[in-house]
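The values are calculated or read from the model by the stated rules, or taken from the named source; none is laboratory data. A quick note: this is a predicted structure, and the numbers were derived from the prediction, not measured. All Cβ positions, glycine included, derive from the backbone under ideal geometry; neighbour counts span all protein chains shown.
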Amino acid sequence: MKYLRDLPKIDKCLSHPLFEGANSALIMKIAREKIENLRQKLLKEETQRVDEERLMQEIKKAYDTLFEPSLKPLINATGVILHTNMGRSLISKTLLDRASTVICNYSNLEYNLKEGCRGERYEHVSTHLKTLLGVEDVLVVNNNASAVFLILNTFAKNKEVVVSRGELVEIGGSFRIPEVMKQSGAFLCEVGATNKTKKSDYTNAINENTAMLMKVHQSNFSMEGFSEAVSYEDIKTLATQYSLLDYYDLGSGYIPKLPYHLGNREHSLAEILTCKPSLISFSGDKLFGSVQAGIIAGRADLIATLKQNQLLRMLRVDKITLSLLEESIKAYLKEEWESIPTLWLLFRSVEELSQRALHVKEAVGENYCAITPSETYMGGGTLPNRKFPTIALHVKGKATVLERKFREKLVIGRIEEDKFLLDFRTILPHNEVLLIDIIKQIVG
């Protein structure tokens with residue numbers, strides 16, 4: 001084992017020019033691991049020599065890899081705008097720049113500038129959000145699951161909440177309404193059948209321990225055929241009649257009228273709020289198109305009670321979320337739709353998508369790709385089973401091989417009818433030059 005003596009000392013590794021300016025503790029840790037691995041290979045005669053320069057390069061590569069970001073920017077070419085696995089809603093650079101002025105400085109997050117004393121962090125989005133929604137008061141928590149939990153725990157602990165069996169949903173990550181209700185301390189009272197629930201089912205379930213009538217958006221599935229559901233208007237009327245709280249867990253809420261007739265079976269926030277609900281909640285990062293947050297809106301007295309719940313401190317949002325959310329709400333009020341990427345992508349016409357796809361096709365070469373009309377979905381637990389038109393570029397070749405090669409280049413497409421497609425519904429215009437280069441690398 002004469003080559004064992006050729007193994008470099010740790011001190012020699014640390015003094016190597018490759019590691020100038022590097023964290024010496026990390027270099028020492030990596031060097032020990034690499035040298036020990038090489039020692040074992042020598043003992044097992046899996047290698048016969050020590051290549052010191054190669055060893056140093058391996059240490060440097062491991063060190064550099066340690067600092068590569070785990071989160072990477074992707075080109076979403078799936079056509080699914082609210083792709084849960086890819087972070088749902090995008091934040092525009094414009095809004096990020098506006099919010100960065102506050103995020104990168106000390107701020108009055110919980111400081112009342114007028115009185116010179118401690119303030120409340122929720123006030124910073126309250127005024128704009130109340131103006132946008134036309135409600136008495138609002139509260140923002142870290143996501144809509146938190147909003148559901150907080151509302152149930154505050155107003156229905158040890159009491160019954162009436163929910164239709166057809167709305168006992170499970171969404172991503174095994175988030176189930178019955179389980180959340182159980183953890184909140186509320187008792188679930190299921191009514192109706194899986195496919196049909198009538199107003200009389202709610203009426204018959206009400207008793208002295210009932211606290212709330214709750215409606216839950218079906219999120220990522222829809223019920224067709226022999227089915228029936230009770231409208232929120234009817235639930236609100238019934239709750240008022242029996243002096244109960246009504247609560248609508250929307251999951252996702254939207255403001256402007258949706259294109260492609262997508263709003264035919266979905267009520268906008270404005271339509272729902274005309275019913276004067278006691279409470280509603282929805283996600284900030286779905287159709288609303290902003291950051292991850294749970295937005296609660298409704299009666300001022302109920303919002304005040306929610307703020308007294310000790311759990312709120314565990315569910316509160318930070319200055320980054322509040323700053324970005326405030327800028328998104330202001331963009332809504334100014335009708336700056338281009339600053340809400342989720343809506344901007346959804347509202348692109350098929351003609352516009354076709355022109356962009358044609359540009360890429362011509363740049364790559366007609367022999368390598370073809371333009372294909374297709375359909376897509378919104379994703380993210382919104383607009384379930386609602387298709388709308390899109391335009392994709394079919395990259396010719398074996399679909400599974402192309403999917404892997406593009407994924408390695410951080411481009412995520414989809415396979416449809418054994419064809420690999422790049423869907424322009426979700427490809428951002430500023431990524432087109434890079435995408436053309438990547439296509440040429442792979443097919444050329």
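A few remarks follow.
- Scanning the stretch 265-281 for any residue that is at positive phi, more than 26 Å from the chain's Cα centre (by Cα) and at pLDDT 90 or above turns up at least one such residue.
- The stretch 421-444, residues that are of a type outside the set (Val, Ile, Thr) and within 22 Å of ARG348 (Cβ to Cβ): LEU421, LEU422, ASP423, PHE424, ARG425, LEU428, PRO429, HIS430, ASN431, GLU432, LEU434, LEU435
- Residue that is nearest to the chain's Cα centre (by Cα), among those in the stretch 394-435 that are within 18 Å of GLU352 (Cα to Cα) and surrounded by fewer than 18 Cβ atoms within 10 Å (Cβ to Cβ): LEU428
- Residue match in the stretch 295-302 (condition: surrounded by fewer than 16 Cβ atoms within 10 Å (Cβ to Cβ) and at pLDDT 95 or above): yes
- Among the residues of the stretch 309-353, the one identified as crowded, with 16+ Cβ neighbours inside 10 Å, among the hydroxyl-bearing types (Ser, Thr, Tyr) and within 16 Å of ARG425 (Cβ to Cβ) is THR342.
- Among the candidates LEU258, LEU306, the residue that is crowded, with 19+ Cβ neighbours inside 10 Å and assigned to a helix (DSSP H, G or I) is uniquely LEU306.
- The residues on offer are ASN204, ASN153, ASN220, and the sole one that is of a type in the set (S, T, N, Q), more than 30 Å from GLN310 (Cβ to Cβ) and not in a loop (DSSP other than H, G, I, E, B) is ASN204.
- Criterion: more than 30 Å from LYS157 (Cβ to Cβ), assigned to a loop (DSSP other than H, G, I, E, B) and assigned by TED's automatic domain parsing to the domain that holds SER184 - qualifying residue of LEU324, LEU287: LEU287
- Within the stretch 101-130, the residues that satisfy the criterion of being exposed (fewer than 14 other Cβ atoms within 10 Å of the Cβ), modelled with pLDDT of 90 or more and part of a helix (DSSP H, G or I) are THR101, THR127.
- Contact map, the stretch 28-51: first residue free of Cβ contacts under 8 Å to residues at least 24 places away in the same chain, second residue outside any helix (DSSP H, G or I) and charged (D, E, K, R), Cβ cut-off under 9 Å, separation 6 or more or different chains; pairs are GLN40/GLU46.
- Conditions (1) assigned to a loop (DSSP other than H, G, I, E, B); (2) in contact (Cβ under 8 Å) with a residue 24 or more places away in the chain: number failed by GLY21: (2)
- Condition met for LEU66 (touching a residue at least 60 places away in the same chain (Cβ under 8 Å), of a type outside the set (S, T, N, Q) and at negative phi): no
- Taking residues in the stretch 182-194 that are surrounded by 14 or more Cβ atoms within 10 Å (Cβ to Cβ), and partners anywhere that are in a loop (DSSP other than H, G, I, E, B) and among the small types (Gly, Ala, Ser), the pairs with Cβ atoms closer than 6 Å and at least 6 places apart or on different chains are ALA186/ALA156.
- Residues of the stretch 413-444 classified as modelled with pLDDT under 95 and among the small types (Gly, Ala, Ser), total: 1
- Residue count for the stretch 219-234, restricted to those that are surrounded by 17 or more Cβ atoms within 10 Å (Cβ to Cβ) and either at pLDDT below 90 or under 21 Å from ILE151 (Cα atoms) (or both): 4
- With respect to the conditions (1) within 21 Å of THR342 (Cα to Cα); (2) in contact with a helix residue (DSSP H, G or I) (Cβ under 7 Å, 6 or more places away or on another chain); (3) small (Gly, Ala, Ser), ALA270 lacks only one, and its number is (2).
- Here GLY79 fulfils each of the conditions (1) under 30 Å from ILE415 (Cβ atoms); (2) of a type outside the set (A, V, I, L, M); (3) not in a loop (DSSP other than H, G, I, E, B) apart from (3).
- Lone qualifier among SER349, SER374, SER323 - being touching a Pro at 6+ places or on another chain (Cβ under 8 Å), farther than 30 Å from LEU245 by Cβ and of a type in the set (Ser, Thr, Tyr): SER374
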